[in-house]
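One structure below.
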Amino acid sequence: MSTDVRTSAPAGAPASPVVTWLLTLVTFGIYWLVWYYKVNKQVKAIDPTIEVNPGMAVVALTLGSFLIVPPFVSIVKTGSRIAQAQRASGVTADCSGGVGLLLAFVFGLTPLYYQSKLNTVWGDHA
């Protein structure tokens with residue numbers, strides 16, 4: 001049972017996954033935190049049933065790293081939220097939080113992967 005909850009205007013816009021990843025590298029991760037906040041805010045706008053506090057998602061990545069586990073949980077949950085946003089927008093939900101987490105250990109490729117999956121949500125609005 002699929003319910004289309006997309007509003008008439010998309011909550012975000014397509015972006016280049018490579019540029020997203022490169023900006024993360026060039027800014028030593030600062031862009032990643034801003035991007036991460038925006039992504040979590042956008043998925044909530046796409047599907048109001050998605051439970052997320054974008055600020056807490058960023059805190060889990062930053063201060064949560066002192067406890068080791070919270071950043072990993074946040075990355076996996078964000079992937080799940082992107083998949084839920086994909087379902088809500090009527091596209092195939094193929095984003096995996098597990099893949100996103102694994103890619104965090106491969107040259108920090110998580111933003112590249114997640115942005116490419118997000119682009120499917122509003123790609124028809126490009």
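The values are calculated or read from the model by the stated rules, or taken from the named source; none is laboratory data. Note that this is a predicted model, so its numbers are computed, not measured. Note that each Cβ is placed from the backbone with ideal geometry, even for glycine, and that neighbours are counted across all protein chains shown. What goes into the accessible areas is simple: the full protein's heavy atoms, side chains included, and nothing from ligands, DNA or RNA. Shrake-Rupley method; radii C 1.70, N 1.55, O 1.52, S 1.80 Å.
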Quiz prompt | Which numbered condition Ser74 fails, given (1) within 21 Å of Leu22 (Cβ to Cβ); (2) touching a Leu at 6+ places or on another chain (Cβ under 6 Å) | solution = (1)
Practice problem: Mind telling me which of the residues Ala13, Ala60 ends up being touching a His at 6+ places or on another chain (Cβ under 9 Å) and either assigned to a helix (DSSP H, G or I) or at pLDDT below 95 (or both)? | Solution: Ala13
Quiz item: Counting just the residues of the stretch 77-111 that are in a helix (DSSP H, G or I) and open to solvent by 50 Å² or more (accessible area, probe 1.4 Å), which one comes out farthest from Val43 (Cα to Cα)?
Solution: Leu102
Practice problem: Take the stretch 47-101 and flag every residue that is touching a residue at least 40 places away in the same chain (Cβ under 8 Å) and among the aromatic types (Phe, Trp, Tyr). | Solution: none
